[in-house]
Amino acid sequence: MSRIGDVERTTKETKIKLTLNLDGEGKGDIATGIGFFDHMLGSFARHGFFDLKVQADGDLNVDTHHTVEDVGIVLGTALKEALGDKKSIRRFGSCILPMDDALVLCAVDLSGRPYFSCDTEFTVERVGKLETETVREFFYALSYSAGMNLHFKKLSGDNNHHVIEGMFKALAGPSPTRCQRTRG
Ligand SMILES: [Mn+2]
């Protein structure tokens, strides 16, 4: 049984096509027009052993907000679709992920009830082209469209690139959203 979500979404602001295979090999094929965001989604795929394909064409002439938020909506929708009836998965997962100076906690419950809590702060306005305030928008959109309870806490860290990357890796990491089947 394949656990794949395949979603297309077009609005006035963005046109997004995304495929998520939960039982992949960690391959990312990602083009959002925002280099740092591609790097983050690639990390998420790699460390979650997901195959993730994203083609996003958004109104980057405005800013990165719509594109980042809408990729969150579409990724959450694809995750929900891929999980199907969620039979035999581990619902709960958590991870404390170190990334050099950054230490990030992520906890997930794939309960079907969306909730989002994010206790991370950033000290720069953007990393690369990505506005740091959109990081919160992305994970909020993801948690609500996937129907999951998602918590982040920054435990330490000064480098904004590392903190954000720590969030994406922690969500992918050891158990959250790996959505492993239980064995035996
Ligand atoms: Mn990096």
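A short reminder: the numbers here are calculations on the coordinates, not readings from a lab. What you are looking at is a predicted structure, and each value in this text was computed from that prediction instead of being measured. Positions of Cβ are backbone-derived with ideal geometry, glycine not excepted, and every protein chain shown enters the neighbour counts.
So, with +1 on the Cβ of K and R and -1 on the Cβ of D and E, and no other charges, what is the size of the charge dipole of the chain about its Cα centre, to the nearest 20 debye?
Value, rounded to 20: 1000 debye.
Please report the base-10 log of the normalised intensity I(q)/I(0) for the chain, using a Debye sum with one equal scatterer per alpha carbon and no solvent, at each q in 0.09, 0.12, 0.17 (1/Å).
After summing over all Cα pairs, the log10 values are -0.27, -0.50, -1.05.
Excluding G112 itself, what net charge comes from residues whose Cβ is under 12 Å from its Cβ, given Lys and Arg +1 and Asp and Glu -1?
+2
Please give the length that would be gained between E125 and D109 if that part of the chain were fully extended, namely 0.36 nm times their separation in residues minus their C-alpha to C-alpha distance (nm, one decimal).
On the way: separation 16, 0.36 × 16 = 5.76 nm, distance 3.02 nm.
Residue separation times 0.36 nm, minus the Cα-Cα distance, leaves 2.7 nm.
Any chance you could check the Cα centroid distance between region 56-81 and region 151-170 for me, in angstrom?
Between the Cα centre of region 56-81 and that of region 151-170, the gap is 21 Å.
Determine, from the Cβ-Cβ distance of A31 and F116 and an R0 of 25 Å, the FRET efficiency 1/(1 + (r/R0)^6), rounded to the nearest 0.05.
My answer for the efficiency is 0.40.
Total Lys pairs in region 4-172 closer than 15 Å by alpha-carbon, pairs eight or more apart in sequence or interchain only?
6
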